[in-house]
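The values are calculated or read from the model by the stated rules, or taken from the named source; none is laboratory data. A quick note: this is a predicted structure, and the numbers were derived from the prediction, not measured. Cβ placement follows ideal geometry from the backbone for every residue including glycine, while neighbour counts extend to all protein chains displayed.
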Amino acid sequence: MSRQLKPILLFFACMSFAPHGFTTTIEVDPVLRERLAQNMAEVHEHIDRFDAQVWLQVSDQRLQRYLPKQADRLELLKLVYTEATRQSLNPNLVLAVMQIESAFNRFAISSVGAQGLMQVMPFWRLEIGRAQDNLINTETNIRYGTVILAHYIEVAKGDLVDALARYNGSRGRLKYPEKVIGAWRKTWRNQPWSELPLLRASCANYPLRACRYQ
């Protein structure tokens, strides 16, 4: 192997474990590792009767531009609502993250190896001893992604901007939170401003363009 080729291969080897390309090393949070392991090991019952018909109908209309087949949209939305609810997340926030991360392409793979709808890094499977998990699978990807996102919101003490930056691996930068919050407000928000405390607090504390209008 040439001397010129070795540094290039080493660079890509490091980048393969960097979330979204902003960092080159990963310090695995043991609390998040345990939370992921527990949630992925649980057998969750599927909901036979969907209890958010209004949300489903509104979100289905908005999702048409990304997923033309209604069956695909309904499957995705039910999984989003179920997994978001389990993690006490707003399902519209999860949809906004998916829009920015993958444009709802479950086969999406980033330049650093993040996979699926919520662009989950595959090293998490190995961290929790579940190498068999397929991150292209819709349900698996959403469960991983919602657990990780909920954890970062807790770590950030409800600071949505900081939590989103942590999720993206770009803590201290506003570019990614700006995109997600913009998508949430422009496309996916269907609740009154008064019922969105995380969003209101973030808009009060950060100079985001997406927050200029309520």
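Quick look at the numbers
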read-out	value
Residue satisfying all of: in segment 170-204; in a loop (DSSP other than H, G, I, E, B) and free of Cβ contacts under 8 Å to residues at least 60 places away in the same chain; surrounded by the most Cβ atoms within 10 Å (Cβ to Cβ) among these	Arg171
Unique residue being of a type in the set (Ser, Thr, Tyr), modelled with pLDDT of 90 or more and farther than 22 Å from Ala108 by Cβ when the list is Tyr167, Tyr144, Tyr206, Tyr213	Tyr206
Residue in segment 152-169 that is surrounded by fewer than 20 Cβ atoms within 10 Å (Cβ to Cβ) and aliphatic (A, V, I, L, M) present	yes
For Arg65: the one exception among (1) of a type in the set (D, E, K, R); (2) part of a loop (DSSP other than H, G, I, E, B); (3) in contact with an Asp or Glu (Cβ under 8 Å, 6 or more places away or on another chain)	(3)
Checklist (1) outside any helix (DSSP H, G or I); (2) touching a Ser or Thr at 6+ places or on another chain (Cβ under 9 Å); (3) among the β-branched types (Val, Ile, Thr) applied to Ile136, failing item	(2)
Residues satisfying the stated conditions in segment 98-123, i.e. small (Gly, Ala, Ser), surrounded by 17 or more Cβ atoms within 10 Å (Cβ to Cβ), in a loop (DSSP other than H, G, I, E, B) and without any contact (Cβ under 8 Å) to a residue 40 or more places away in the chain	Ala108, Gly116
Residue tally, condition in contact with a Lys or Arg (Cβ under 7 Å, 6 or more places away or on another chain), within 22 Å of Leu89 (Cβ to Cβ) and part of a loop (DSSP other than H, G, I, E, B), over segment 124-133	2
Condition met for Leu79 (under 30 Å from Arg200 (Cα atoms), assigned to a helix (DSSP H, G or I), out of contact with any Leu (no Cβ under 8 Å at 6 or more places or on another chain) and among the aliphatic types (A, V, I, L, M))	yes
